[in-house]
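Here is the structure we will look at.
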Ligand code: URA
């Protein structure tokens, strides 16, 4: 991206454009190793190396992270009692104020996207967009073919007069406990757990494997995260 030095540095939170202009005049800004006193010069954020007060400045306007959320942390930016997913980020990533795209329960693990791009988060969470979310679930009682049918028809959630959209239930192992994959198109509070409750079952372990076109990178251990790749981003934001 091509933009003015002062805009680039202020976008990443270094200071106001006025302050950056003064700092550049004082020789605090270098472009490709050469002092640049004119902060209105245009640089290319992909090509040029910009330094401010001797530190390289990485230009990231938006940040897109994939985390393997561990059990025991909450999907929030702040919490009075529990550690949050944002607490697990390095300072250099937290700097961009990312927030979790939707919520996983405290006792659920797996794929959680974090970004500071509100539009993308909104698009992924919008109930109208029906973004598929696939989970691996272990449940206490035996899952049956009747459950598969009930999920496919939509489940009326206990204590709520709401019928879910059709969901896909694939049995991996039927028994005590059973394991399965569940794909839902909404993100109602405790949805997967409540869907199983409605068919007299109980989730004992839940892990999200994918959200829309993005799959959990299984090389990430619980609590680890990484930037989304260009390819994953282009899947999320087809132009
Ligand atoms: N459904 C649940 O019940 N919990 C989650 O964390 C996600 C989906």
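The values are calculated or read from the model by the stated rules, or taken from the named source; none is laboratory data. In this text the structure is predicted, and so the values were computed from the model without any measurement. Methodologically, a virtual Cβ is constructed for each residue, glycine included, from the backbone with ideal geometry; neighbour enumeration extends over all protein chains shown.
Within region 97-120, can one find any residue that is more than 16 Å from the ligand (Cβ to nearest atom), closer than 19 Å to residue 222 by Cα, assigned to a loop (DSSP other than H, G, I, E, B) and not assigned by TED's automatic domain parsing to the domain that holds residue 190?
There is at least one residue in region 97-120 that is more than 16 Å from the ligand (Cβ to nearest atom), closer than 19 Å to residue 222 by Cα, assigned to a loop (DSSP other than H, G, I, E, B) and not assigned by TED's automatic domain parsing to the domain that holds residue 190.
Would you be able to say whether some residue in region 137-154 is closer than 20 Å to residue 74 by Cα and either within 14 Å of the ligand (Cβ to nearest atom) or modelled with pLDDT of 95 or more (or both)?
yes
Could you pull out the residue among 3, 9 that is part of a helix (DSSP H, G or I), surrounded by 11 or more Cβ atoms within 10 Å (Cβ to Cβ) and within 28 Å of the chain's Cα centre (by Cα)?
Answer to the selection: 9.
With the requirement that a residue be more than 14 Å from the ligand (Cβ to nearest atom) and within 30 Å of residue 158 (Cβ to Cβ), what does region 200-221 give you?
200, 212
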